[in-house]
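Visitor: Here it is, the structure in full.
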Amino acid sequence: MRQSDIVAEVSNDKQTLTALVEQDNRVVYFYIFAREDLRDRFPKMRACWVRNLVPAPVNDDTDAMEQGMAPMLAAQYCRNLEGEAPLDPAQIQILWNESDDGAALWYQGLLLAVIPGWSLYIDHSVCYSAGCIKQNPLTFPLGSASTNAQCELAEKTRLFWRDWQNEFSNPWPKIQRKLLESYEDRFGPSLKYYLINQGSWPPMAISQHEDEENYYFFTVGMSIRPMPQIDIVLNDEAEKHRRIELAFSVGKEYVTEENAVQMASALSGYAQVPWTTLSWLGEGHTLMSPMAPLGFEGHVISSALCGPADKMRLPKIYGDPVNQFWVSPVFTSELEFAQGKPNGGFELVAAMIENDIGFVFAPRSAVI
(Lines give C-alpha, C1' and ligand atoms only; values in the text may rest on other atoms or scores of the structure.)
Protein backbone atom coordinates (compact mmCIF):
# COMPACT_ATOMS: atom_id res chain seq x y z
CA MET A 1 0.00 0.00 0.00
CA ARG A 2 1.52 3.29 -1.08
CA GLN A 3 1.52 6.48 0.94
CA SER A 4 -1.26 9.00 0.31
CA ASP A 5 -0.51 11.78 -2.15
CA ILE A 6 -1.85 15.33 -1.95
CA VAL A 7 -3.03 15.96 -5.52
CA ALA A 8 -4.56 19.43 -4.97
CA GLU A 9 -4.24 22.07 -2.25
CA VAL A 10 -5.82 25.54 -2.19
CA SER A 11 -6.10 28.07 0.65
CA ASN A 12 -9.05 30.42 0.90
CA ASP A 13 -8.82 34.15 0.25
CA LYS A 14 -7.72 35.11 3.78
CA GLN A 15 -5.49 32.04 4.27
CA THR A 16 -7.54 31.00 7.29
CA LEU A 17 -8.48 27.61 5.84
CA THR A 18 -6.89 25.12 3.46
CA ALA A 19 -8.70 22.62 1.25
CA LEU A 20 -6.88 19.63 -0.18
CA VAL A 21 -7.51 16.43 -2.10
CA GLU A 22 -5.61 13.33 -1.02
CA GLN A 23 -5.54 9.87 -2.59
CA ASP A 24 -3.69 6.59 -2.19
CA ASN A 25 -4.25 3.38 -4.17
CA ARG A 26 -7.59 2.71 -2.40
CA VAL A 27 -9.57 5.89 -1.89
CA VAL A 28 -9.86 9.67 -2.53
CA TYR A 29 -10.75 12.22 0.16
CA PHE A 30 -11.45 15.96 0.20
CA TYR A 31 -10.45 17.86 3.36
CA ILE A 32 -10.70 21.33 4.91
CA PHE A 33 -8.62 22.33 7.94
CA ALA A 34 -7.94 25.58 9.80
CA ARG A 35 -4.74 27.56 10.00
CA GLU A 36 -2.70 26.63 13.06
CA ASP A 37 -3.53 29.74 15.09
CA LEU A 38 -7.27 29.10 14.58
CA ARG A 39 -7.27 25.46 15.61
CA ASP A 40 -8.34 26.23 19.15
CA ARG A 41 -11.67 27.31 17.62
CA PHE A 42 -11.70 24.83 14.74
CA PRO A 43 -9.72 21.80 15.91
CA LYS A 44 -11.36 19.18 13.73
CA MET A 45 -10.42 18.62 10.11
CA ARG A 46 -13.50 18.29 7.88
CA ALA A 47 -13.21 15.13 5.77
CA CYS A 48 -15.32 14.10 2.79
CA TRP A 49 -15.10 10.71 1.06
CA VAL A 50 -14.98 11.25 -2.71
CA ARG A 51 -14.53 7.83 -4.35
CA ASN A 52 -13.13 4.34 -3.88
CA LEU A 53 -10.39 3.37 -6.32
CA VAL A 54 -10.88 -0.39 -5.78
CA PRO A 55 -14.01 -2.50 -5.25
CA ALA A 56 -16.03 -1.30 -2.28
CA PRO A 57 -15.90 -3.39 0.90
CA VAL A 58 -19.10 -5.13 1.93
CA ASN A 59 -18.97 -3.67 5.43
CA ASP A 60 -17.66 -0.45 6.96
CA ASP A 61 -13.89 -0.14 6.58
CA THR A 62 -13.11 -0.28 10.29
CA ASP A 63 -9.71 -1.87 9.70
CA ALA A 64 -8.48 1.22 7.89
CA MET A 65 -9.72 3.50 10.67
CA GLU A 66 -8.03 1.39 13.32
CA GLN A 67 -4.77 1.75 11.38
CA GLY A 68 -5.18 5.52 11.10
CA MET A 69 -5.95 5.42 7.37
CA ALA A 70 -8.78 7.01 5.44
CA PRO A 71 -11.62 4.44 5.22
CA MET A 72 -13.24 3.32 2.00
CA LEU A 73 -17.01 3.61 1.69
CA ALA A 74 -19.02 0.42 2.08
CA ALA A 75 -20.74 -0.99 -1.01
CA GLN A 76 -24.32 -0.29 0.11
CA TYR A 77 -23.60 3.47 0.00
CA CYS A 78 -21.62 3.60 -3.27
CA ARG A 79 -22.79 4.60 -6.72
CA ASN A 80 -19.91 2.66 -8.26
CA LEU A 81 -19.20 -0.70 -6.63
CA GLU A 82 -16.10 -1.58 -8.66
CA GLY A 83 -14.11 1.54 -7.87
CA GLU A 84 -13.19 4.45 -10.13
CA ALA A 85 -10.05 5.89 -11.68
CA PRO A 86 -7.65 8.00 -9.61
CA LEU A 87 -8.02 11.74 -10.00
CA ASP A 88 -5.74 13.54 -12.43
CA PRO A 89 -4.37 16.61 -10.60
CA ALA A 90 -4.54 18.67 -13.79
CA GLN A 91 -8.32 18.17 -13.95
CA ILE A 92 -9.08 19.15 -10.34
CA GLN A 93 -10.63 22.50 -9.42
CA ILE A 94 -11.36 23.59 -5.84
CA LEU A 95 -13.70 26.57 -5.48
CA TRP A 96 -14.19 28.33 -2.15
CA ASN A 97 -17.67 29.63 -1.44
CA GLU A 98 -18.39 33.35 -1.30
CA SER A 99 -18.21 33.49 2.50
CA ASP A 100 -14.72 31.91 2.38
CA ASP A 101 -15.44 29.07 4.82
CA GLY A 102 -16.62 26.16 2.64
CA ALA A 103 -15.46 24.64 -0.63
CA ALA A 104 -16.52 22.44 -3.52
CA LEU A 105 -14.47 19.92 -5.47
CA TRP A 106 -14.92 19.93 -9.25
CA TYR A 107 -13.35 17.39 -11.61
CA GLN A 108 -13.41 17.58 -15.39
CA GLY A 109 -16.23 20.10 -15.07
CA LEU A 110 -18.36 17.88 -12.82
CA LEU A 111 -19.15 18.48 -9.15
CA LEU A 112 -17.73 15.67 -7.00
CA ALA A 113 -18.01 16.91 -3.41
CA VAL A 114 -19.06 19.80 -1.18
CA ILE A 115 -18.02 20.72 2.36
CA PRO A 116 -20.44 23.54 3.31
CA GLY A 117 -19.14 26.47 5.32
CA TRP A 118 -21.64 26.01 8.13
CA SER A 119 -20.21 22.55 8.91
CA LEU A 120 -17.13 24.29 10.29
CA TYR A 121 -19.12 25.64 13.24
CA ILE A 122 -20.77 22.44 14.48
CA ASP A 123 -19.36 19.51 16.43
CA HIS A 124 -19.44 16.91 13.66
CA SER A 125 -18.37 16.91 10.04
CA VAL A 126 -21.05 17.26 7.36
CA CYS A 127 -20.19 16.78 3.69
CA TYR A 128 -21.76 15.71 0.41
CA SER A 129 -20.36 13.41 -2.27
CA ALA A 130 -21.60 12.67 -5.80
CA GLY A 131 -20.38 9.07 -5.45
CA CYS A 132 -22.63 8.46 -2.45
CA ILE A 133 -26.22 7.23 -2.84
CA LYS A 134 -27.24 6.82 0.79
CA GLN A 135 -26.53 8.67 4.02
CA ASN A 136 -23.77 7.09 6.08
CA PRO A 137 -21.21 8.06 8.76
CA LEU A 138 -18.74 9.37 6.15
CA THR A 139 -20.89 11.49 3.83
CA PHE A 140 -24.32 12.49 2.54
CA PRO A 141 -25.48 12.02 -1.07
CA LEU A 142 -24.85 15.10 -3.18
CA GLY A 143 -27.70 14.41 -5.57
CA SER A 144 -28.56 17.18 -8.02
CA ALA A 145 -29.43 20.87 -7.96
CA SER A 146 -33.12 19.96 -7.93
CA THR A 147 -32.79 17.66 -4.91
CA ASN A 148 -30.00 19.21 -2.82
CA ALA A 149 -29.47 22.87 -1.97
CA GLN A 150 -25.73 22.28 -1.55
CA CYS A 151 -25.45 21.19 -5.15
CA GLU A 152 -27.41 24.24 -6.30
CA LEU A 153 -25.27 26.58 -4.18
CA ALA A 154 -22.05 25.09 -5.57
CA GLU A 155 -23.22 25.80 -9.09
CA LYS A 156 -24.12 29.38 -8.15
CA THR A 157 -20.65 29.80 -6.65
CA ARG A 158 -19.05 28.55 -9.87
CA LEU A 159 -21.01 31.16 -11.84
CA PHE A 160 -20.14 33.82 -9.23
CA TRP A 161 -16.40 33.29 -9.74
CA ARG A 162 -16.80 33.09 -13.49
CA ASP A 163 -18.41 36.54 -13.55
CA TRP A 164 -15.69 38.08 -11.39
CA GLN A 165 -12.97 36.65 -13.61
CA ASN A 166 -14.57 37.98 -16.80
CA GLU A 167 -13.79 41.62 -17.57
CA PHE A 168 -17.01 41.97 -19.54
CA SER A 169 -19.34 40.59 -16.85
CA ASN A 170 -17.43 41.82 -13.78
CA PRO A 171 -20.09 42.94 -11.27
CA TRP A 172 -17.96 45.54 -9.49
CA PRO A 173 -18.78 48.67 -11.54
CA LYS A 174 -22.51 48.13 -11.04
CA ILE A 175 -22.21 47.33 -7.32
CA GLN A 176 -19.89 50.29 -6.76
CA ARG A 177 -22.20 52.68 -8.59
CA LYS A 178 -25.34 51.57 -6.75
CA LEU A 179 -23.74 51.90 -3.31
CA LEU A 180 -22.25 55.32 -4.08
CA GLU A 181 -25.59 56.54 -5.41
CA SER A 182 -27.26 55.53 -2.12
CA TYR A 183 -24.68 57.45 -0.11
CA GLU A 184 -24.76 60.49 -2.36
CA ASP A 185 -28.56 60.67 -2.38
CA ARG A 186 -28.50 61.15 1.39
CA PHE A 187 -25.14 62.79 2.17
CA GLY A 188 -24.09 64.54 -1.03
CA PRO A 189 -21.31 63.79 -3.51
CA SER A 190 -18.34 61.58 -2.75
CA LEU A 191 -15.48 64.01 -2.19
CA LYS A 192 -12.69 61.46 -1.67
CA TYR A 193 -12.38 57.75 -2.29
CA TYR A 194 -9.86 55.50 -0.53
CA LEU A 195 -9.10 51.97 -1.73
CA ILE A 196 -8.77 49.58 1.21
CA ASN A 197 -8.48 46.13 -0.41
CA GLN A 198 -4.71 46.51 -1.06
CA GLY A 199 -4.97 45.14 -4.55
CA SER A 200 -6.64 41.87 -3.55
CA TRP A 201 -10.17 40.62 -4.15
CA PRO A 202 -12.80 41.75 -3.38
CA PRO A 203 -12.58 45.42 -4.32
CA MET A 204 -13.36 47.59 -1.30
CA ALA A 205 -13.09 51.28 -0.57
CA ILE A 206 -14.14 54.06 1.79
CA SER A 207 -16.13 56.94 0.38
CA GLN A 208 -15.88 60.33 2.16
CA HIS A 209 -18.78 62.80 2.25
CA GLU A 210 -19.56 65.91 4.28
CA ASP A 211 -22.12 68.59 5.00
CA GLU A 212 -21.86 71.84 6.95
CA GLU A 213 -21.69 70.05 10.30
CA ASN A 214 -20.17 66.59 9.86
CA TYR A 215 -17.77 64.32 8.00
CA TYR A 216 -19.17 60.96 6.84
CA PHE A 217 -17.34 57.82 5.77
CA PHE A 218 -18.84 54.68 4.23
CA THR A 219 -17.41 51.32 3.20
CA VAL A 220 -18.05 50.35 -0.41
CA GLY A 221 -17.90 46.67 -1.35
CA MET A 222 -17.95 44.90 2.00
CA SER A 223 -21.36 43.49 1.05
CA ILE A 224 -19.98 41.63 -1.97
CA ARG A 225 -19.32 38.67 0.29
CA PRO A 226 -21.79 37.13 2.75
CA MET A 227 -20.28 36.88 6.21
CA PRO A 228 -19.16 33.49 7.57
CA GLN A 229 -21.08 31.63 10.30
CA ILE A 230 -24.33 33.52 9.68
CA ASP A 231 -26.06 30.52 8.05
CA ILE A 232 -25.62 28.33 11.13
CA VAL A 233 -26.30 31.11 13.67
CA LEU A 234 -29.44 32.57 12.11
CA ASN A 235 -30.60 29.72 9.87
CA ASP A 236 -33.66 30.84 7.88
CA GLU A 237 -33.03 34.48 8.81
CA ALA A 238 -29.46 34.41 7.47
CA GLU A 239 -30.17 36.12 4.15
CA LYS A 240 -31.45 39.19 6.02
CA HIS A 241 -28.21 39.64 7.96
CA ARG A 242 -25.26 38.23 6.00
CA ARG A 243 -24.31 41.33 4.01
CA ILE A 244 -23.30 44.62 5.62
CA GLU A 245 -21.58 47.95 5.04
CA LEU A 246 -20.05 50.10 7.79
CA ALA A 247 -20.18 53.86 8.36
CA PHE A 248 -18.56 56.46 10.62
CA SER A 249 -19.34 60.12 11.22
CA VAL A 250 -17.78 62.87 13.35
CA GLY A 251 -18.70 66.51 13.95
CA LYS A 252 -16.56 69.18 12.25
CA GLU A 253 -16.52 71.37 15.35
CA TYR A 254 -14.38 68.77 17.14
CA VAL A 255 -11.85 67.59 14.57
CA THR A 256 -9.97 68.60 11.46
CA GLU A 257 -10.51 66.70 8.24
CA GLU A 258 -7.16 64.95 8.74
CA ASN A 259 -8.20 63.75 12.20
CA ALA A 260 -11.57 62.64 10.87
CA VAL A 261 -9.89 60.55 8.18
CA GLN A 262 -7.61 58.98 10.77
CA MET A 263 -10.56 58.06 12.98
CA ALA A 264 -12.42 56.62 10.01
CA SER A 265 -9.45 54.43 9.09
CA ALA A 266 -10.75 51.96 11.68
CA LEU A 267 -13.33 51.02 9.05
CA SER A 268 -10.56 49.65 6.86
CA GLY A 269 -9.59 47.01 9.42
CA TYR A 270 -13.14 46.24 10.47
CA ALA A 271 -14.17 45.62 6.87
CA GLN A 272 -11.93 42.53 6.85
CA VAL A 273 -12.85 41.17 10.29
CA PRO A 274 -15.56 38.63 9.37
CA TRP A 275 -13.27 36.82 6.94
CA THR A 276 -9.98 37.11 8.83
CA THR A 277 -11.64 35.73 11.99
CA LEU A 278 -14.30 33.46 10.41
CA SER A 279 -17.01 35.24 12.35
CA TRP A 280 -19.66 37.88 11.72
CA LEU A 281 -20.67 41.40 12.72
CA GLY A 282 -24.12 42.47 13.82
CA GLU A 283 -26.09 44.84 16.01
CA GLY A 284 -24.33 45.58 19.30
CA HIS A 285 -21.07 43.82 18.45
CA THR A 286 -17.94 45.49 19.81
CA LEU A 287 -14.41 45.67 18.47
CA MET A 288 -11.11 46.98 19.84
CA SER A 289 -9.06 49.35 17.70
CA PRO A 290 -5.94 51.51 18.08
CA MET A 291 -7.64 53.93 15.70
CA ALA A 292 -10.36 54.80 18.23
CA PRO A 293 -10.29 58.44 19.36
CA LEU A 294 -8.02 59.32 22.28
CA GLY A 295 -9.50 58.00 25.52
CA PHE A 296 -11.65 55.40 23.79
CA GLU A 297 -10.84 51.70 23.55
CA GLY A 298 -12.78 50.57 20.49
CA HIS A 299 -16.19 50.74 18.85
CA VAL A 300 -19.70 49.35 18.99
CA ILE A 301 -21.51 48.81 15.70
CA SER A 302 -25.19 49.65 15.55
CA SER A 303 -27.94 50.63 13.17
CA ALA A 304 -30.17 51.63 16.09
CA LEU A 305 -28.00 54.69 16.84
CA CYS A 306 -29.25 56.14 13.57
CA GLY A 307 -32.76 57.57 13.74
CA PRO A 308 -35.36 56.79 11.06
CA ALA A 309 -34.85 60.14 9.32
CA ASP A 310 -31.16 59.43 8.75
CA LYS A 311 -31.39 55.78 7.73
CA MET A 312 -30.42 54.89 4.19
CA ARG A 313 -31.87 52.16 2.05
CA LEU A 314 -28.96 50.36 0.44
CA PRO A 315 -29.38 48.35 -2.76
CA LYS A 316 -29.73 44.60 -2.60
CA ILE A 317 -26.57 42.66 -3.44
CA TYR A 318 -27.03 39.25 -5.05
CA GLY A 319 -30.66 39.39 -3.99
CA ASP A 320 -29.89 39.95 -0.30
CA PRO A 321 -30.65 43.12 1.67
CA VAL A 322 -27.59 45.05 2.86
CA ASN A 323 -27.53 46.28 6.46
CA GLN A 324 -25.68 49.46 7.35
CA PHE A 325 -24.04 49.72 10.77
CA TRP A 326 -22.60 52.89 12.25
CA VAL A 327 -19.33 52.52 14.09
CA SER A 328 -19.35 54.47 17.37
CA PRO A 329 -16.37 54.87 19.77
CA VAL A 330 -16.75 53.34 23.24
CA PHE A 331 -14.80 53.59 26.49
CA THR A 332 -13.00 50.68 28.16
CA SER A 333 -15.73 50.33 30.78
CA GLU A 334 -18.38 50.19 28.05
CA LEU A 335 -16.42 47.66 26.02
CA GLU A 336 -15.91 45.41 29.04
CA PHE A 337 -19.60 45.68 29.92
CA ALA A 338 -20.70 44.76 26.40
CA GLN A 339 -18.33 41.82 26.16
CA GLY A 340 -18.90 40.58 29.71
CA LYS A 341 -22.53 39.47 29.52
CA PRO A 342 -25.04 38.01 27.07
CA ASN A 343 -26.63 40.77 24.99
CA GLY A 344 -24.32 43.29 26.64
CA GLY A 345 -23.88 45.10 23.35
CA PHE A 346 -27.62 45.61 22.99
CA GLU A 347 -27.77 47.01 26.52
CA LEU A 348 -24.86 49.33 25.79
CA VAL A 349 -26.54 50.69 22.67
CA ALA A 350 -29.79 51.18 24.61
CA ALA A 351 -27.91 53.14 27.29
CA MET A 352 -26.23 55.28 24.63
CA ILE A 353 -29.58 56.07 23.00
CA GLU A 354 -31.08 56.89 26.41
CA ASN A 355 -28.25 59.41 26.86
CA ASP A 356 -28.95 61.00 23.46
CA ILE A 357 -25.83 59.57 21.83
CA GLY A 358 -26.41 59.17 18.11
CA PHE A 359 -24.44 57.94 15.13
CA VAL A 360 -22.37 61.16 14.78
CA PHE A 361 -19.41 61.00 17.13
CA ALA A 362 -18.89 63.87 19.57
CA PRO A 363 -16.99 64.12 22.87
CA ARG A 364 -19.02 62.48 25.65
CA SER A 365 -18.88 60.79 29.05
CA ALA A 366 -19.14 57.07 29.62
CA VAL A 367 -22.66 55.69 30.01
CA ILE A 368 -21.44 52.60 31.90
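The values are calculated or read from the model by the stated rules, or taken from the named source; none is laboratory data. Source: prediction; values computed, not measured. Neighbour counts run over all protein chains shown; Cβ positions are idealised from the backbone, glycine included. Ligands, DNA and RNA are excluded from the accessible area calculation, which covers all protein heavy atoms including side chains. Shrake-Rupley method; radii C 1.70, N 1.55, O 1.52, S 1.80 Å.
Visitor: For the stretch 317-368, which residues satisfy the criterion of being among the aliphatic types (A, V, I, L, M) and closer than 21 Å to residue 270 by Cβ?
Guide: 317, 322, 327, 330, 335, 338, 348, 349, 352, 357, 360, 362
Visitor: Could you list all residues from the stretch 97-129 that are part of a loop (DSSP other than H, G, I, E, B), among the aliphatic types (A, V, I, L, M) and open to solvent by 30 Å² or more (accessible area, probe 1.4 Å)?
Guide: Residue satisfying the conditions is 122 alone.
Table: residues versus (1) under 30 Å from residue 198 (Cβ atoms); (2) in a helix (DSSP H, G or I); (3) in contact (Cβ under 8 Å) with a residue 24 or more places away in the chain.
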| position | (1), (2), (3) |
| --- | --- |
| 32 | yes, no, yes |
| 42 | yes, no, yes |
| 47 | no, no, yes |
| 56 | no, no, yes |
| 60 | no, no, yes |
| 70 | no, no, yes |
| 76 | no, yes, yes |
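Visitor: When you scan the stretch 328-336, do you find a residue that is part of a helix (DSSP H, G or I), modelled with pLDDT of 95 or more and buried (at least 21 other Cβ atoms within 10 Å of the Cβ), even just one?
Guide: yes
Visitor: While we're here: Taking only the stretch 199-241 into account, find how many residues are under 18 Å from the mean Cα position of the chain (by Cα) and aromatic (Phe, Trp, Tyr).
Guide: Counting residues in the stretch 199-241 that are under 18 Å from the mean Cα position of the chain (by Cα) and aromatic (Phe, Trp, Tyr) gives 1.
Visitor: Additional query: Applying the selection to the stretch 226-256, what residues are touching a helix residue (DSSP H, G or I) at 6+ places or on another chain (Cβ under 7 Å), outside any helix (DSSP H, G or I) and among the charged types (D, E, K, R)?
Guide: 242, 243, 245
Visitor: Please work out which residue is surrounded by the most Cβ atoms within 10 Å (Cβ to Cβ), limiting yourself to the stretch 59-77 and to residues that are among the hydrophobic types (A, V, I, L, M, F, W, C) and at pLDDT 95 or above.
Guide: Step by step, filter the stretch 59-77, then rank; the result is 73.
Visitor: Looking only at the stretch 144-157, which residues are touching a residue at least 12 places away in the same chain (Cβ under 8 Å) and either open to solvent by less than 80 Å² (accessible area, probe 1.4 Å) or touching a His at 6+ places or on another chain (Cβ under 8 Å) (or both)?
Guide: Correct list: 148, 150, 151, 154, 155, 157.
Visitor: In the stretch 205-221, is there at least one residue being of a type in the set (Phe, Trp, Tyr) and closer than 27 Å to residue 16 by Cα?
Guide: Taking every residue of the stretch 205-221 in turn, at least one turns out to be of a type in the set (Phe, Trp, Tyr) and closer than 27 Å to residue 16 by Cα.
Visitor: Tell me, please, whether a residue that is more than 30 Å from residue 13 (Cβ to Cβ) and either in contact (Cβ under 8 Å) with a residue 60 or more places away in the chain or open to solvent by 20 Å² or more (accessible area, probe 1.4 Å) (or both) can be found in the stretch 267-280.
Guide: No, the conditions are met nowhere in the stretch 267-280.
Visitor: Test each condition in (1) at pLDDT 95 or above; (2) crowded, with 21+ Cβ neighbours inside 10 Å; (3) under 19 Å from residue 22 (Cα atoms); (4) among the hydrophobic types (A, V, I, L, M, F, W, C) for residue 138 and report the one that comes out false.
Guide: Just one mismatch for residue 138, condition (1).
Visitor: Then there is this: Could you check the stretch 17-40 and list, in sequence order, the residues that are open to solvent by 10 Å² or more (accessible area, probe 1.4 Å) and touching a helix residue (DSSP H, G or I) at 6+ places or on another chain (Cβ under 9 Å)?
Guide: Selection gives 26, 38.
Okay, residues lined up against (1) surrounded by fewer than 20 Cβ atoms within 10 Å (Cβ to Cβ); (2) free of Cβ contacts under 8 Å to residues at least 60 places away in the same chain; (3) of a type in the set (A, V, I, L, M); (4) part of a loop (DSSP other than H, G, I, E, B):
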| position | (1), (2), (3), (4) |
| --- | --- |
| 263 | no, no, yes, no |
| 295 | yes, yes, no, yes |
| 301 | no, yes, yes, no |
| 326 | no, no, no, no |
| 346 | yes, no, no, no |
| 352 | no, yes, yes, no |
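Visitor: Next up: In the stretch 306-317, which residues are at pLDDT 95 or above and buried (at least 17 other Cβ atoms within 10 Å of the Cβ)?
Guide: Of everything in the stretch 306-317, those that are at pLDDT 95 or above and buried (at least 17 other Cβ atoms within 10 Å of the Cβ) turn out to be 314, 317.
Visitor: Search the stretch 6-19 for residues that are under 13 Å from residue 275 (Cβ atoms) and pair each with any residue that is of a type in the set (Lys, Arg) and open to solvent by 50 Å² or more (accessible area, probe 1.4 Å) when their beta-carbon atoms are under 6 Å apart and the residues are at least 6 apart or on different chains.
Guide: Matching pairs, first to second residue: 16/35.
Visitor: Let me ask something additional. Could you list, ordered by first residue, the pairs with Cβ atoms under 8 Å in which the first is in the stretch 197-217 and over 22 Å from residue 185 (Cα atoms) and part of a loop (DSSP other than H, G, I, E, B) and the second is among the charged types (D, E, K, R) and open to solvent by less than 20 Å² (accessible area, probe 1.4 Å), at least 6 apart or interchain?
Guide: 202/225
Visitor: Quick check: anything in the stretch 79-88 open to solvent by less than 30 Å² (accessible area, probe 1.4 Å) and under 30 Å from residue 199 (Cβ atoms)?
Guide: No, because not a single residue in the stretch 79-88 is open to solvent by less than 30 Å² (accessible area, probe 1.4 Å) and under 30 Å from residue 199 (Cβ atoms).
Visitor: Filter the stretch 1-30 for residues that are assigned to a strand (DSSP E or B), among the charged types (D, E, K, R) and over 29 Å from the mean Cα position of the chain (by Cα) and give the result.
Guide: The answer is 5, and nothing else.
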